1. Might you check whether a residue that is among the small types (G, A, S) and within 16 Å of B:Q110 (Cβ to Cβ) occurs anywhere in region A:102-122?
2. Name the pairs: first residue in region B:13-28 and among the polar types (S, T, N, Q), second residue within 11 Å of DNA strand C (Cβ to nearest atom), Cβ to Cβ under 8 Å, at least 6 apart or on different chains?
3. Run B:H39 past the list (1) in a loop (DSSP other than H, G, I, E, B); (2) within 8 Å of DNA strand C (Cβ to nearest atom); (3) within 14 Å of chain A (Cβ to nearest Cβ) and report the number of the one that doesn't hold.
4. Are any of the residues in region A:113-133 more than 8 Å from every other protein chain (Cβ to nearest Cβ), without any contact (Cβ under 8 Å) to a residue 60 or more places away in the chain and within 30 Å of B:M115 (Cβ to Cβ)?
5. Which condition from (1) facing chain B (nearest Cβ under 7 Å); (2) of a type outside the set (G, A, S); (3) surrounded by 19 or more Cβ atoms within 10 Å (Cβ to Cβ); (4) within 16 Å of DNA strand D (Cβ to nearest atom) is the one that A:V58 breaks?
6. Kindly check whether there is at least one residue in region A:52-59 that is more than 16 Å from DNA strand C (Cβ to nearest atom) and either at positive phi or not acidic (D, E) (or both).
7. In region B:66-80, which residues are assigned to a helix (DSSP H, G or I) and more than 9 Å from every other protein chain (Cβ to nearest Cβ)?
8. Given the condition part of a loop (DSSP other than H, G, I, E, B) and of a type in the set (S, T, Y), answer yes or no: does some residue in region A:47-57 qualify?
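The values are calculated or read from the model by the stated rules, or taken from the named source; none is laboratory data. All values derive from a computational prediction rather than experimental measurement. Heads up, the Cβs are rebuilt from the backbone with ideal geometry, glycines too, and the neighbour counts pull from every protein chain shown. Calculation scope for accessible area: heavy atoms of the full protein, side chains included, ligands and nucleic acids excluded. Shrake-Rupley method; radii C 1.70, N 1.55, O 1.52, S 1.80 Å.
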2 protein chains.
Amino acid sequence: MPAATQITEKTYSIGQVAKMFDLSIPTLRYYDQEGLIPHLQKTPAGIRRFTQDNIDAVRVIGCLKSAGMPIKEIQIFMQKVEQGDATLNDRLAMFLRLKKQVEQQMQALQNTMDMIDFKCRYYGQAVQDGTEKYVKKQMPLSSLVLPSNNK
Amino acid sequence: MPAATQITEKTYSIGQVAKMFDLSIPTLRYYDQEGLIPHLQKTPAGIRRFTQDNIDAVRVIGCLKSAGMPIKEIQIFMQKVEQGDATLNDRLAMFLRLKKQVEQQMQALQNTMDMIDFKCRYYGQAVQDGTEKYVKKQMPLSSLVLPSNNK
DNA sequence: GCTTGACCTAAAGTTAGCTTTAGGTACTAT
DNA sequence: ATAGTACCTAAAGCTAACTTTAGGTCAAGC
């Protein structure tokens, strides 16, 4: 064994991380300020150094955000991450809940897509006719039935 | 033929429409103010009366919003609706563009779902192990490959 | 030794999309 | 006629998620 077993992990500057994720530097600082990046360290001079774990956290933030989760809730999740193994159950429960929410979002987006497809057909015909007059009666919006909300 | 052919279409109050779509009354007024509801009429006393067309417009607003379209753009679209048949091409083009955007959103949401599924498996194992220690090495986040961005 | 570029903090500013407030009008039933 | 309910406008207020501003540190290269 070496006398000084200091495994200095590779780290990245805030600018490098910003480019990786196409985020602005102030945004990353804001995330840090809000406690969204567990265990993010600074050099004695006060410069942030991102470890792989920190980078993974930024990736998870992106995921949670695109699932529509507000910053405050992401904060709560990251606090649980900081608390270690005692919160594993909570974190699993959180992702299971999130999965259901995202399933609903996908269904909602599919409904939106159905409406858009309808409108594409509608306006496709209207453009052919040169007027909306005929298509308006033959393809009323009411002919687009919303899918039953199966629970 | 009757002497006075006044086809008085059935109309709805703002409160009724609010309930139909589960929107607040101020929200509907705000939409009207922003010009999102073409041809919305008021009684001489200034009370809004929603025709079927107006109600269809509210439904379309909901669709465009859930497609992530900002109010300002919905406004532009509704202005084209008000301009009549001359803008049919524009409106078709708009929905075709929107369709592509929503396809991308669905792909993004699928990626989010993949991450969530991964985290469910990850924390499921961690909970079984009683610690994150082992699963962290065996299932690093990097093992979740992002799908190639096929154009 | 001085300029350049990347970083820092604290605090104020911005934008979207509503919501709330304050004060008033108009049918509806008792 | 008066109480209640639903509607109205104009304007101010609110929240989230950043962004911008102002002023400063630090290490590297010329």
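1. Among the residues of region A:102-122, at least one is among the small types (G, A, S) and within 16 Å of B:Q110 (Cβ to Cβ), which makes the answer yes.
2. That search, which allows pairs on different chains as well, returns B:S13/B:I47; B:S24/B:A18; B:T27/B:A18.
3. Status for B:H39: all satisfied but (2).
4. yes
5. Just one mismatch for A:V58, condition (1).
6. yes
7. Passing the criteria: B:I71, B:K72, B:E73, B:I74, B:Q75, B:I76, B:F77, B:M78, B:Q79, B:K80.
8. The answer is yes, given that some residue of region A:47-57 is part of a loop (DSSP other than H, G, I, E, B) and of a type in the set (S, T, Y).
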